[in-house]
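Peer 1: For reference, the structure I am asking about is given below.
The values are calculated or read from the model by the stated rules, or taken from the named source; none is laboratory data. Everything quoted here is computed from the prediction, not taken from an experiment. Using ideal geometry, Cβ is built from the backbone for each residue, glycine included, and neighbour counts are taken over all protein chains shown. What goes into the accessible areas is simple: the full protein's heavy atoms, side chains included, and nothing from ligands, DNA or RNA. Shrake-Rupley method; radii C 1.70, N 1.55, O 1.52, S 1.80 Å.
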Amino acid sequence: MIINRINNNRDLKKLNYKEKIELTNEIRKYLVETISKTGGHLASNLGVVELTIALESVFDLPKDKIIWDVGHQSYVHKIINGRREKVKKIRQFGHISGFPKTKESDTDCFNTGHSSTSISAALGMAIARDIKKEDYNIIAVIGDGALTGGMALEALNHVGSIKKKMIIILNDNEMSISKNISGMNELLTNLRLKKRYRKSNNKLKKIISSVPLIGQYLTYIIKKIKKTLKQLFIPGMYFEEIGLKYIGPIDGHNIEELEAIFKKAKNIDEPVLIHVITKKGKGYKFAEESPEQYHGVSPFNIDTGVVPSNNKTYSEVFGNKLCELAKENKKIVAITAAMKDGTGLSRFSEMFKERFYDVGIAEQHALTLAAGIAKNGMIPVVSIYSSFYQRGFDQVIHDICTQNLHVVMCVDRAGCVGSDGETHQGLFDLSFFKIIPNIVILAPKNFKELELMLEYAIKIKKPIVIRYPRGGEKKNHFTTTPIKFATLEKLKDGKDISIIAIGNMVSRAMDVATILEKQNIMCDVINIRFLKPIDETAILESIKKTKKIITIEDNTIIGGLSSSIKELIVNNNLNNIKIKSYAYPDKFIEHGTVDELEKKYKLDIQSIINDINKEVNHE
């Protein structure tokens, strides 16, 4: 097989076009077979096979630099560049990442994971290259979905103004995670008509040139009005007008055509944007038909395309409850940022079309949009993944919280998310939200509590955050009491240790307390519910009683629950208090299953019990 002969892009350059076409088939088969077992990003990688082969046939890695925006489509690049066998365990604990990582290979020149960053990074590298008087090519590969992100548009504007030599590949497959809905998508739709424009324009020139006596004069007039004609087919000529040389659209599945264009682009000493049309999921029927389902997919059956159904998820519970509330309350508006399906809002978008807004990959805009909606008397509910809320931090402060606006911010994928790794772990939201004045922070221990918190959030007229994990609830062994402002929930009474936990980790606290009870160690178990404002009176009462505290949270150790309890102890001048905190360390957490990562960082039940027993025996 040809794929077995490819260990770097130099091997790729030795192939003829016929062999490269055969290689595309082998790579697609390899991807489907592998990802059906491991899970991962399938549709996006199937769509860029020819594009990747053409890029790496023309350019010289690692001297030339290719920056993959987001990077979830870099599996083909990894297969070509020495990681073919390693891809069989991609995204698994201790193995290679599903995103570009400079520590894996010198052909990965920049770490990515979030959208819309590639053009900025590429321009920065081009500036440094020119200052150092070096000579190599820099290529940013960005999808049309990522181009809806404000950062990408800011970068394009800068590229056009300073005109550094670089190449931008616009991989246009009409998809981000969910189908694109934006003005930029409309622009790209019109750009796809450019070939039609060229054919029509050339035909018109030939006809008019043949007219006796005045033909040549009319042709001259046509040249003068060429820009006007273009405006009819390509409104705004956006890319060229901001200073980029636009080439395209190009068939993204024609290797020969792609290589020819890339070779020409190498010799242009100004920024070039090459518009490439690809089909997401190409080569695997089920992914072609439902690319959003196979964007990030769990292991599946190759023959049927069936992905085993998971148990109910927090996202699903959130979406269903919001629909229920929106039937009764006409003021509720739902907002998301290119993740309607992932956040559980698909049903809402169908039931309440006039009250649903998917703004594309534009988290900053989503939050200020919500502020405007709230300012005018409606109740916006914004659902975004935890790691993507990082991108709208200023908007939460400046536009929502300074005005104390009633915006409900639902933080999906909070805590450890597992296989997507360091760029996607939701381990900072408790910390960065907590420092903002006027904000209320809640975290449910189970599905029922999420529903109660959402009901509560719709009523309380303040900026409010509800954060919940990816997937389903942990073992549910509690009843749930009504939500009261800044009031915790005591789940168990004890005299020896106070175990204080938040959200997903409340179940862990109960498991620990149950085991310790068998050792005659009796625990207070506290579901804190509100990280901000914290229930100081009830917590202090428990601390003074036991003088031994354990905190458990799926957040970084800095700035979250642990910090809040320690601040409370110091601020109240409590002495002789022992506290042990279980949280993720002050570092970026790699990929792996949640269970593997909890065990590594000693957040699992057994590690906590072992620690406590050591302390008890030491005493």
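Peer 1: For the condition more than 23 Å from the chain's Cα centre (by Cα), under 16 Å from residue 254 (Cα atoms), surrounded by fewer than 19 Cβ atoms within 10 Å (Cβ to Cβ) and modelled with pLDDT of 95 or more, what is the one hit in 50, 22? Step through it out loud before you land on a result.
Peer 2: Numbers: 50 fails: surrounded by fewer than 19 Cβ atoms within 10 Å (Cβ to Cβ).
Criteria check complete, one pass: 22.
Peer 1: State all residues of the range 6-54 that are closer than 19 Å to residue 142 by Cβ and in a helix (DSSP H, G or I); if no residue qualifies, say none. Talk me through it step by step, then tell me what you get.
Peer 2: If we filter the range 6-54 for residues that are closer than 19 Å to residue 142 by Cβ, which is where we start, we get 41, 43-54.
Listed by number, the residues that qualify are 43, 44, 45, 46, 47, 49, 50, 51, 52, 53, 54.
Peer 1: Check whether at least one residue in the range 538-548 is closer than 19 Å to residue 418 by Cβ and basic (Lys, Arg), and report yes or no.
Peer 2: Taking the range 538-548 first, the residues closer than 19 Å to residue 418 by Cβ are none.
Among the residues of the range 538-548, not one is closer than 19 Å to residue 418 by Cβ and basic (Lys, Arg), which makes the answer no.
Peer 1: State whether one or more residues within the range 250-267 are open to solvent by less than 50 Å² (accessible area, probe 1.4 Å), assigned to a strand (DSSP E or B), modelled with pLDDT of 85 or more and under 16 Å from residue 45 (Cβ atoms). Don't jump to the end; show me each part of the working.
Peer 2: Going through the range 250-267, the residues open to solvent by less than 50 Å² (accessible area, probe 1.4 Å) turn out to be 250, 252-253, 255, 258-262, 265.
Remaining after also requiring assigned to a strand (DSSP E or B): 250.
When the remaining residues are screened for being modelled with pLDDT of 85 or more, the result is 250.
When the remaining residues are screened for being under 16 Å from residue 45 (Cβ atoms), the result is none.
No, that holds for no residue.
Peer 1: Another one. Restricting to the range 279-301, name every residue that is charged (D, E, K, R) and assigned to a helix (DSSP H, G or I). Step through it out loud before you land on a result.
Peer 2: Our first condition is that a residue be charged (D, E, K, R); within the range 279-301, this holds for 279-280, 282, 285, 288-289, 292.
Residues satisfying the conditions are 285, 288, 289.
Peer 1: Would you be able to say whether some residue in the range 463-479 is under 17 Å from residue 321 (Cβ atoms), among the basic types (Lys, Arg) and under 29 Å from the mean Cα position of the chain (by Cα)?
Peer 2: Looking for residues that are under 17 Å from residue 321 (Cβ atoms), among the basic types (Lys, Arg) and under 29 Å from the mean Cα position of the chain (by Cα), one finds at least one in the range 463-479, hence yes.
Peer 1: Looking at the range 312-329, is at least one residue within 19 Å of the chain's Cα centre (by Cα) and of a type in the set (D, E, K, R)?
Peer 2: yes
Peer 1: Still on this structure, please answer the following. Report whether or not residue 287 is more than 26 Å from residue 139 (Cβ to Cβ) and open to solvent by less than 40 Å² (accessible area, probe 1.4 Å). Before the answer, list the steps.
Peer 2: Numbers: more than 26 Å from residue 139 (Cβ to Cβ): no; open to solvent by less than 40 Å² (accessible area, probe 1.4 Å): yes.
For residue 287, the condition - more than 26 Å from residue 139 (Cβ to Cβ) and open to solvent by less than 40 Å² (accessible area, probe 1.4 Å) - is not met.
Peer 1: When residues of the range 526-536 are filtered for being surrounded by fewer than 20 Cβ atoms within 10 Å (Cβ to Cβ) and within 14 Å of residue 569 (Cβ to Cβ), how many remain?
Peer 2: 1
Peer 1: Given the conditions (1) more than 19 Å from residue 253 (Cβ to Cβ); (2) among the hydroxyl-bearing types (Ser, Thr, Tyr); (3) touching a strand residue (DSSP E or B) at 6+ places or on another chain (Cβ under 9 Å), and given that residue 38 satisfies all but one, which numbered condition is not satisfied?
Peer 2: Checking residue 38 against (1) more than 19 Å from residue 253 (Cβ to Cβ); (2) among the hydroxyl-bearing types (Ser, Thr, Tyr); (3) touching a strand residue (DSSP E or B) at 6+ places or on another chain (Cβ under 9 Å), the one that fails is (3).
Peer 1: Could you grab me the full set of residues in the range 296-321 that are under 29 Å from residue 391 (Cβ atoms) and open to solvent by less than 20 Å² (accessible area, probe 1.4 Å)?
Peer 2: Once the filter is applied, which keeps residues that are under 29 Å from residue 391 (Cβ atoms) and open to solvent by less than 20 Å² (accessible area, probe 1.4 Å), the range 296-321 yields 297, 314, 315, 317, 318, 319, 321.
Peer 1: Kindly indicate whether residue 518 is touching a Lys or Arg at 6+ places or on another chain (Cβ under 9 Å) and open to solvent by 40 Å² or more (accessible area, probe 1.4 Å).
Peer 2: Working: touching a Lys or Arg at 6+ places or on another chain (Cβ under 9 Å): no; open to solvent by 40 Å² or more (accessible area, probe 1.4 Å): yes.
No; evaluated as a whole, the condition is false for this residue.
Peer 1: Specify the residue that is surrounded by the most Cβ atoms within 10 Å (Cβ to Cβ); the eligible residues are those in the range 430-445 that are of a type outside the set (A, V, I, L, M) and either farther than 21 Å from residue 526 by Cα or at pLDDT below 95 (or both).
Peer 2: First, the residues of the range 430-445 that are of a type outside the set (A, V, I, L, M): 431-434, 437-438, 444-445.
Now narrow it down to the ones that are either farther than 21 Å from residue 526 by Cα or at pLDDT below 95 (or both): 432-433, 437-438.
Values: 432: 17, 433: 26, 437: 10, 438: 15.
Filtering the range 430-445 for residues that are of a type outside the set (A, V, I, L, M) and either farther than 21 Å from residue 526 by Cα or at pLDDT below 95 (or both), the one surrounded by the most Cβ atoms within 10 Å (Cβ to Cβ) comes out as 433.
Peer 1: Collect the residues in the range 539-561 that are open to solvent by 50 Å² or more (accessible area, probe 1.4 Å) and assigned to a strand (DSSP E or B), keeping them in residue-number order.
Peer 2: Selection gives 548 alone.
Peer 1: Could you look through the range 94-144, keep only residues that are touching a Cys at 6+ places or on another chain (Cβ under 9 Å) and among the β-branched types (Val, Ile, Thr), and pick out the one that is surrounded by the most Cβ atoms within 10 Å (Cβ to Cβ)?
Peer 2: 138
Peer 1: Let me ask another. Within the range 572-619, can you find the residues that are open to solvent by 60 Å² or more (accessible area, probe 1.4 Å) and assigned to a helix (DSSP H, G or I)?
Peer 2: Result: 595, 596, 599, 600, 606, 610, 614, 615, 616, 617, 618.
Peer 1: Out of 486, 443, 457, which single residue is on the phi > 0 side of the Ramachandran plot and over 19 Å from the mean Cα position of the chain (by Cα)? Even if it seems obvious, please write down each step before you answer.
Peer 2: On the way: 443 fails: on the phi > 0 side of the Ramachandran plot; 457 fails: on the phi > 0 side of the Ramachandran plot.
Step by step, each of 486, 443, 457 is checked, and only 486 is on the phi > 0 side of the Ramachandran plot and over 19 Å from the mean Cα position of the chain (by Cα).
Peer 1: Among the residues of the range 250-268, how many are touching a residue at least 60 places away in the same chain (Cβ under 8 Å) and closer than 13 Å to residue 168 by Cα?
Peer 2: Our first condition is that a residue be touching a residue at least 60 places away in the same chain (Cβ under 8 Å); within the range 250-268, this holds for 252-256, 258-259, 262-263, 265-266, 268.
Applying the additional criterion that residues be closer than 13 Å to residue 168 by Cα yields 262, 265-266, 268.
So the answer is 4.
Peer 1: Out of all the residues in the range 463-480, which are farther than 21 Å from residue 416 by Cβ and open to solvent by less than 60 Å² (accessible area, probe 1.4 Å)? Walk me through it before giving the result.
Peer 2: In the first step, residues of the range 463-480 are kept if they are farther than 21 Å from residue 416 by Cβ; the result is 463-464, 477-480.
Once the filter is applied, which keeps residues that are farther than 21 Å from residue 416 by Cβ and open to solvent by less than 60 Å² (accessible area, probe 1.4 Å), the range 463-480 yields 463, 464, 478, 480.
Peer 1: Related question: So how many residues does the range 100-145 have that are outside any loop (DSSP other than H, G, I, E, B) and either touching a residue at least 40 places away in the same chain (Cβ under 8 Å) or not hydroxyl-bearing (Ser, Thr, Tyr) (or both)?
Peer 2: The first filter runs over the range 100-145 and keeps only residues outside any loop (DSSP other than H, G, I, E, B), leaving 118-131, 138-143.
With the extra rule that they be either touching a residue at least 40 places away in the same chain (Cβ under 8 Å) or not hydroxyl-bearing (Ser, Thr, Tyr) (or both), the set shrinks to 118-119, 121-131, 138-143.
Of the residues in the range 100-145, 19 are outside any loop (DSSP other than H, G, I, E, B) and either touching a residue at least 40 places away in the same chain (Cβ under 8 Å) or not hydroxyl-bearing (Ser, Thr, Tyr) (or both).
Peer 1: Could you list, in sequence order, all residues of the range 62-86 that are surrounded by 24 or more Cβ atoms within 10 Å (Cβ to Cβ) and in a loop (DSSP other than H, G, I, E, B)?
Peer 2: The answer is 69, 70, 71, 72, 73, 74.
Peer 1: Then there's this: If a residue must be open to solvent by 10 Å² or more (accessible area, probe 1.4 Å) and closer than 13 Å to residue 504 by Cα, how many such residues does the range 418-429 contain? I'd like the intermediate steps shown before the answer.
Peer 2: Kept after step one, since they are open to solvent by 10 Å² or more (accessible area, probe 1.4 Å), are these residues of the range 418-429: 419-420, 422-424, 428.
Now narrow it down to the ones that are closer than 13 Å to residue 504 by Cα: none.
Total meeting the criteria: 0.
Peer 1: Same structure, new question: Condition test on residue 164, is it touching a residue at least 60 places away in the same chain (Cβ under 8 Å) and either in a helix (DSSP H, G or I) or open to solvent by 30 Å² or more (accessible area, probe 1.4 Å) (or both)?
Peer 2: On the way: touching a residue at least 60 places away in the same chain (Cβ under 8 Å): yes; either in a helix (DSSP H, G or I) or open to solvent by 30 Å² or more (accessible area, probe 1.4 Å) (or both): yes.
Against the criterion (touching a residue at least 60 places away in the same chain (Cβ under 8 Å) and either in a helix (DSSP H, G or I) or open to solvent by 30 Å² or more (accessible area, probe 1.4 Å) (or both)), residue 164 qualifies.
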